[in-house]
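Notes to accompany the following structure.
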Amino acid sequence: MSSPQDPARLDRIREKLALLRRLEAERGLGVVIGEPTPLEPIPDLPGVAEVYGLFGHVAGDNFRFEPPDEIRTPAAWAARTVNENDPMGSPLSVGHEVHSIPPRLRGEIRAGSPIYLDTENLDVYWMEPDDYVFQYEHPDEDVEFTVIAPDVATFFDEHVFGPGYPELVATVLGPGVRDERLRRGRHAGEYADNWRRLLIAADLSS
């Protein structure tokens, strides 16, 4: 099992990003892949800043991922607000779905429901927003959540830039969104999700 700071995994993510940038420049699918912005490591979150330092942000039709404000500097992490009443332990958002936001409003509304990072065990997980609210109101009740990856590096390598991406879409947005296809235009018959089309072009996913 690799560690959250596994250099080989970080190198693999870096190589995937270079390939995806090149293909996006050639094909113009409309995804955004930011340039690297190195971040100072956060000792409490091994591997997290190291991964986000490989890109400014990435965004496609369904998701937007960028460094949480709380990890942009060690001082920001030290000054973060921790809600002692949060039954989930004040997790960080590692990214957001944007599928629920109409395209014309995405310049005004940057993010929909978040995907979370457990700051204690470093799991990346998805929880329905209504379930999060329910947990606040009923902290003694069990609620469902789905662990997607054991750490941020694995999450990006396998589920954002790799073969697990379709399942990520299905988990967060539903199988109908995962399987949606374009009905017209030059990409008719292909997947509607431009990020998935780019991963397919890179032979990183199906």
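Just one of (1) under 20 Å from Arg27 (Cβ atoms); (2) of a type in the set (A, V, I, L, M); (3) crowded, with 20+ Cβ neighbours inside 10 Å fails for Ala153. It is (1). If you go through segment 81-102 and keep only what is outside any strand (DSSP E or B) and touching a Pro at 6+ places or on another chain (Cβ under 6 Å), you end up with just Pro87. Scanning segment 44-102 for residues being of a type in the set (D, E, K, R) and under 12 Å from the mean Cα position of the chain (by Cα) gives a total of 3.
Conditions tested, residue by residue: (1) assigned to a helix (DSSP H, G or I); (2) open to solvent by 30 Å² or more (accessible area, probe 1.4 Å); (3) among the aromatic types (Phe, Trp, Tyr).
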{"residue": "Leu17", "(1), (2), (3)": "yes, no, no"}
{"residue": "Arg21", "(1), (2), (3)": "yes, yes, no"}
{"residue": "Glu35", "(1), (2), (3)": "no, yes, no"}
{"residue": "Glu50", "(1), (2), (3)": "yes, yes, no"}
{"residue": "Phe55", "(1), (2), (3)": "no, no, yes"}
{"residue": "Ala75", "(1), (2), (3)": "yes, yes, no"}
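Restricting attention to segment 164-194, the residues that are farther than 18 Å from Val31 by Cα, in contact with a strand residue (DSSP E or B) (Cβ under 9 Å, 6 or more places away or on another chain) and in a helix (DSSP H, G or I) add up to 4. When segment 59-69 is filtered for residues that are open to solvent by less than 70 Å² (accessible area, probe 1.4 Å) and not in a loop (DSSP other than H, G, I, E, B), the ones remaining, listed by number, are Ala59, Phe63, Arg64, Phe65. For first residues located in segment 109-123 and more than 13 Å from Leu92 (Cβ to Cβ), partners that are part of a loop (DSSP other than H, G, I, E, B) and lie 6+ apart or on another chain with Cβ distances below 6 Å form the pairs Ile109/Ile101; Gly112/Val98; Gly112/Ser100; Gly112/Ile101.
Looking across segment 37-52, the residues that are under 15 Å from Asp151 (Cβ atoms) and either of a type in the set (S, T, N, Q) or in contact with a Leu (Cβ under 9 Å, 6 or more places away or on another chain) (or both) come down to Leu45, Pro46, Gly47, Val48, Ala49, Glu50, Val51, Tyr52.
If you take the residues of segment 23-33 that are assigned to a helix (DSSP H, G or I) and touching a residue at least 40 places away in the same chain (Cβ under 8 Å), which of them is nearest to Ala78 (Cα to Cα)? Per the criteria, the residue is Glu24. Contact map, segment 164-176: residues that are farther than 18 Å from Pro114 by Cβ paired with residues that are in a helix (DSSP H, G or I) and of a type in the set (Asp, Glu), Cβ distance under 7 Å, separation 6+ or inter-chain. Pairs shown: Gly164/Glu158.
The values are calculated or read from the model by the stated rules, or taken from the named source; none is laboratory data. Keep in mind the model is a prediction, meaning the values are calculated, not measured. Note that each Cβ is placed from the backbone with ideal geometry, even for glycine, and that neighbours are counted across all protein chains shown. Note: accessible area is taken over every heavy atom of the protein model, side chains too, but ligands, DNA and RNA are not part of it. Shrake-Rupley method; radii C 1.70, N 1.55, O 1.52, S 1.80 Å.
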